[in-house]
1. Can you find a residue in the range 37-45 that is in contact with a Phe, Trp or Tyr (Cβ under 9 Å, 6 or more places away or on another chain) and in a helix (DSSP H, G or I)?
2. Go through (1) surrounded by 12 or more Cβ atoms within 10 Å (Cβ to Cβ); (2) modelled with pLDDT under 80 one by one and return the number of the condition I48 breaks.
3. Mind counting the residues in the range 90-129 that are open to solvent by less than 50 Å² (accessible area, probe 1.4 Å), of a type in the set (A, V, I, L, M, F, W, C) and without any contact (Cβ under 8 Å) to a residue 40 or more places away in the chain?
4. Need the failing condition index for L38 against (1) modelled with pLDDT of 90 or more; (2) within 30 Å of A148 (Cβ to Cβ), just the number.
5. For the list (1) in contact with a Pro (Cβ under 6 Å, 6 or more places away or on another chain); (2) at pLDDT 90 or above, I need the number of the one condition that L15 fails.
6. In the range 138-160, what residues are open to solvent by 50 Å² or more (accessible area, probe 1.4 Å), more than 20 Å from G93 (Cα to Cα) and not charged (D, E, K, R)?
Amino acid sequence: MIMPICFLKSSPCFLNPIPPEIYASSVKLLGVTISSNLKWDIHVKDIIHKANASIALLKLLNKYSVPPSHSLRLYTSFVRPHLEYACPVWHPGISREESDKIESIQKRALRIIFKEGKVPYSLLLKKASLETLERRRSSLCLRFSKNAITNPRTASIFPKRHSPSRLRQPRAVSEPIPVLSPIRCVTSRYEKTFVPFITEKINKIAN
């Protein structure tokens, strides 16, 4: 099975001899569904389906009057991981609509746990001591990148670091956050990938 990734108006000549029946429009690699158009709609649909199946457990616990704290622990242990797995790969490239669909899973789960269907989402988050999934994904991406930058095996995927000129003294921190050379993205497709996304995030924090 072959999954060609090509955005040319006509397919390159080396693809023509390959029978179309062995083409694949998407492929799952280590639990992440990668599409030939480099969009994440299929992957988002897949993780939402998995999370919805797990939410059925929360409904079952409600029938037996399980305390909300227990149900919340089940949510963070068995439901939420489906919505965050390998997020540094796909989080920068999802659309606002896809992000909202993922967020709706947590909103639905909290309303089931606390049995409060009309309470605003912000109050449910405060009651559960949780943050939005979008904010968590950004934090997970940033945490992953900090480890990747200092790892000799992965540091080369990021632009070279440089010493910024500062007009004021930086805040005291245990380890300084590196500043990366800005990346010029010619296409929006590249701009929505992990390295340009996280480079901008890191530079905002460092500055």
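The values are calculated or read from the model by the stated rules, or taken from the named source; none is laboratory data. Quantities reported herein were computed from a predicted structural model and do not represent experimental measurements. Virtual Cβ from ideal backbone geometry, glycine too; neighbours counted across all protein chains shown. For accessibility, only protein heavy atoms count, side chains too; no ligands or nucleic acids. Shrake-Rupley method; radii C 1.70, N 1.55, O 1.52, S 1.80 Å.
1. The answer is yes, given that some residue of the range 37-45 is in contact with a Phe, Trp or Tyr (Cβ under 9 Å, 6 or more places away or on another chain) and in a helix (DSSP H, G or I).
2. (2)
3. Counting residues in the range 90-129 that are open to solvent by less than 50 Å² (accessible area, probe 1.4 Å), of a type in the set (A, V, I, L, M, F, W, C) and without any contact (Cβ under 8 Å) to a residue 40 or more places away in the chain gives 4.
4. Only one criterion is unmet by L38, namely (1).
5. All conditions are met except number (2).
6. N147, T150, N151, P152, S156
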